[in-house]
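**Student:** This is the structure I want to talk about, given as C-alpha cells.
The values are calculated or read from the model by the stated rules, or taken from the named source; none is laboratory data. On a predicted model such as this, the values are computed, not experimentally measured, just so you know. Every residue, glycine among them, receives a Cβ derived from its backbone with ideal geometry; neighbour counts consider all protein chains shown. Surface accessibility is based on the protein's heavy atoms, side chains included, excluding ligands, DNA and RNA. Shrake-Rupley method; radii C 1.70, N 1.55, O 1.52, S 1.80 Å.
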Amino acid sequence: MVQSLAFTVKRHAPEFVKPSKPTPHTIKLLSDVDDQDGLRFQVPVIQFYKYDPNMAGKDPVDVIRKALAKTLVFYYPLAGRLREVPSRKVIVDCNDEGVLFIEADADITLEQFGDALQPPFPCLDELLYDVPGSSDVINTPILLIQVTRLKCGGFIFAIRLNHLISDGAGLVQFMSALGEISRGMNIPSIAPVWHRELLNSRDPPRVTCSHREYEQVPDTKGTIVPLDDMVHQSFFFGPTELAALRPLFPSHLQQRSRFEIVTACLWRCRTIALQPDNDEEVRVICIYNARGKFNPPLPKGYYGNAFAFPVAISTAEKLIENPLGYALELIKKAKADVTEEYMHSMADLMVIKGRPHFTSVRMYLVSDVTYVGFREVDFGWGKAVYGGPAHGGVGVVPGLASFYIPFKNAKGEEGLVIPVCLPTQAMKRFVKELDILLKNNINLPNKGGLKSSFIISSL
C-alpha cells in the first residue's frame, strides 16, 4: 500500500434507505449467543471493485441504492433499531426506519492504491464515514453503507454492521443477496431465516462445559495492551512462508491446517513481544464457526451469530520455552472443544452470568475469514479485488484481534494477509521474532528489522 497516498472524498449528505415495500412492524428477539457483551461493537468491511466495460453507463451508487431498498424487504430487521430492555437484554424493533447510506466520489483511481490492497487502508474514515451519533450499538441504524465512485470507473463499497445482529457469515449472506438483486434477481437465492430461538438458553439453563474464555481475570499488572501507542501492520503468509514454518513443528503436526500453524507462531511471537511475566497466563481465542456442529443443522439462511470463542491458555514461560508444537496442541484442543453441547452451554452461561465479555487480559483473538466469501460478493462489476475486514483490532476492546484475510500478493501468490496491532516497541520485537522463525528455513530478502519482505503495509 502506498503510505503517502492522499486523496479527496466528496460525500453527499447521509440518507436513510428503507425497504421498498411494506414490511412487518414487530419486535424480534436476538439469541443468547447474539446477545453478549463481547459483540457490542460495529464491524467495518470494505470491498474494492474494478471498472467493467460491460457495465458502462451504469452507476454503482444508483444500482446498489435501489437494490438495497429491495433487499431490505427480505432482511427487514436490518432496517430496524436495537433496543435494550431490562436485564440488559437486546431486542430488534422492526420499524422500517432504514439503514444509513452515503453516496461519495473520490479523486483517485484503483490503480493508485497500488498492487497491495490490504489493511490498514489510508483514509478509511473517508471511505466509511462515521456519521455523528450513528456508532452506538443501541437505538442507532444497524447498517451503514458508503459507495464511493473512483475516477477510473471502479468503486469502493464499505459497510459497517452492528455485530449483535450477525456474524461474518451472516453479513456475507446479506451482501450476496444485495449483489444478486443488484444484478437483476427479484429474490435472493438463499432466503433469510431468523429463528434466533435455536441458540437461546435452555430451561433451566445449565453450564455443562468449561468456558474459560469468559473467566473474569483481574488485570493486576496493567497488561491489557495500551491503546495510546498502537501501530498497525499487515503480514503476508503465502506458500513460501508456510513452507518455512511447517518444519518448525514435529512431524506429526506438520500437516495441520494453515490456520493452526500460523496461529501458533503469531501467538508465541506476540507473547514474546509483549514481555509478560513468566508466571502470567496468556490466551489465544480462535473464533470458530459452529454452524456445522448442530444436528439437525442450523437452517440454511440463518444469519445470526453462530460462533464460539474457544480459548487456549498457557503461562507465558511455557509458551515461550516449549517448542512450537506445544502451542499448536493447545490450539487444536481448544477448537475440538466446540460441539453442539458447547454452544448450548455457552448460551446458558450468558443468561446465568449476565452476558459477560470474553476475557481480554493478556488475550489475542484470531478470526479466519478465508472461507466466509467477502471477495465473491458481486454487484454486477465482478468479484472484489479486495474484500474483507477494513482493519484489524476491532472489538469492544480494540487492538486485540487479527483477521486472516484471503489475499493475492504482487507476485500473484495466494495466501493470507493478517493485520496486527501492537504498541510501537512491541511491534518491533514482534517483527524480529517472526523474522527469526521464517529465516530458520529460508533466506528472505531485505534482512533486518522492519524492512522484512513479509510486511506489506503499515500505518
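**Student:** If you add up the charges near PRO419, with Lys and Arg at +1 and Asp and Glu at -1, over every other residue whose beta carbon is less than 15 angstrom from its beta carbon, what do you get?
**Tutor:** Here the count lands on 0.
**Student:** Next up: At ARG183 and VAL231, where each label point lies 7 Å from the Cα along Cα→Cβ, what is the point-to-point distance in nanometres?
**Tutor:** Taking the simple label geometry, ARG183 and VAL231 are separated by 4.2 nm.
**Student:** Ok, one more. Within the stretch 26-56, name every residue whose backbone N is under 13 Å away from a label modeled 7 Å from Cα of LYS353 along the Cβ vector.
**Tutor:** Within reach of a label on LYS353, which here means backbone N under 13 Å from a point 7 Å along Cα→Cβ, the stretch 26-56 contributes 36-38.
**Student:** Please give the contour-minus-distance gain from GLN216 to ILE91: 0.36 nm per residue of separation, less the Cα-Cα distance, rounded to one decimal in nm.
**Tutor:** In short, 42.4 nm is gained.
**Student:** Of the heavy-atom accessible surface of the stretch 30-163 (probe 1.4 angstrom), what whole percent is carbon and sulfur?
**Tutor:** About 49 percent, which is the carbon plus sulfur part of the accessible surface.
**Student:** For the stretch 212-440, what is the number of Lys pairs with C-alpha distance below 18 angstrom, counting only pairs 8 or more positions apart or on separate chains?
**Tutor:** Within the stretch 212-440, the lysine pair count is 7.
**Student:** Listed highest first by mean packing, meaning other Cβ atoms within 10 Å per residue, what order do 250-256, 317-323 come in?
**Tutor:** For the peptides 250-256, 317-323, the packing ranking is 317-323, 250-256.
**Student:** Can you compute the helix-only [θ] at 222 nm over the chain? Use -39500 (n - 2.57) per DSSP H run of at least 4 residues, normalise by all residues, nearest 500 deg cm²/dmol.
**Tutor:** Here the helix-only value at 222 nm equals -7000 deg cm²/dmol.
**Student:** So, by mean Cβ neighbours within 10 angstrom, what's the order for 52-65, 149-162 with the highest one leading?
**Tutor:** 149-162, 52-65
**Student:** Using the Kirkwood radius over C-alpha pairs as Rh, can you work out the diffusion coefficient of the stretch 123-231 via Stokes-Einstein at 20 °C, viscosity 1.002 mPa s, in µm² per second?
**Tutor:** Diffusion coefficient, whole number: 115 µm²/s.
**Student:** Then there is this: Using 0.36 nm times the number of residues separating CYS123 and ARG202, minus their current alpha carbon distance, what extension gain do you get?
**Tutor:** Fully extending the segment from CYS123 to ARG202 adds 23.9 nm.
**Student:** For LYS428 and GLU376, compute 0.36 nm times the residue count separating them, minus their Cα-Cα distance, and round to one decimal in nm.
**Tutor:** Using 0.36 nm per residue and subtracting the Cα-Cα distance, I get 15.2 nm.
**Student:** Something else about it: Roughly how far apart, in whole Å, are the Cα centres of the stretch 1-68 and the stretch 92-136?
**Tutor:** So the separation of the two Cα centres works out to 8 Å.
**Student:** Kirkwood Rh over Cα pairs of the stretch 9-199 into Stokes-Einstein at 37 °C, 0.692 mPa s: D in µm²/s?
**Tutor:** Estimated diffusion coefficient is 189 µm²/s.
**Student:** So what is the accessible area of the stretch 330-429 per residue, in Å², with the probe set to 1.4 Å?
**Tutor:** 33
**Student:** By per-residue mean of other Cβ atoms within 10 Å, what is the highest-first order of 257-265, 238-246?
**Tutor:** Ranking the peptides 257-265, 238-246 by packing returns 257-265, 238-246.
**Student:** What is the distance, in nm, between label points placed 7 Å from the Cα along the Cα-to-Cβ direction at ALA56 and at GLU15?
**Tutor:** Calculated label separation equals 2.8 nm.
**Student:** On to the next question. With a 1.4 Å probe and all protein chains left in place, how much of the accessible area of the stretch 267-399 comes from carbon and sulfur atoms, in whole percent?
**Tutor:** On the stretch 267-399, the fraction of accessible area on carbon and sulfur atoms equals 51 percent.
**Student:** Now, a different point. Quick one: accessible area per residue over the stretch 9-199, 1.4 Å probe, rounded to a whole number of Å²?
**Tutor:** It amounts to 38 Å² per residue over the stretch 9-199.
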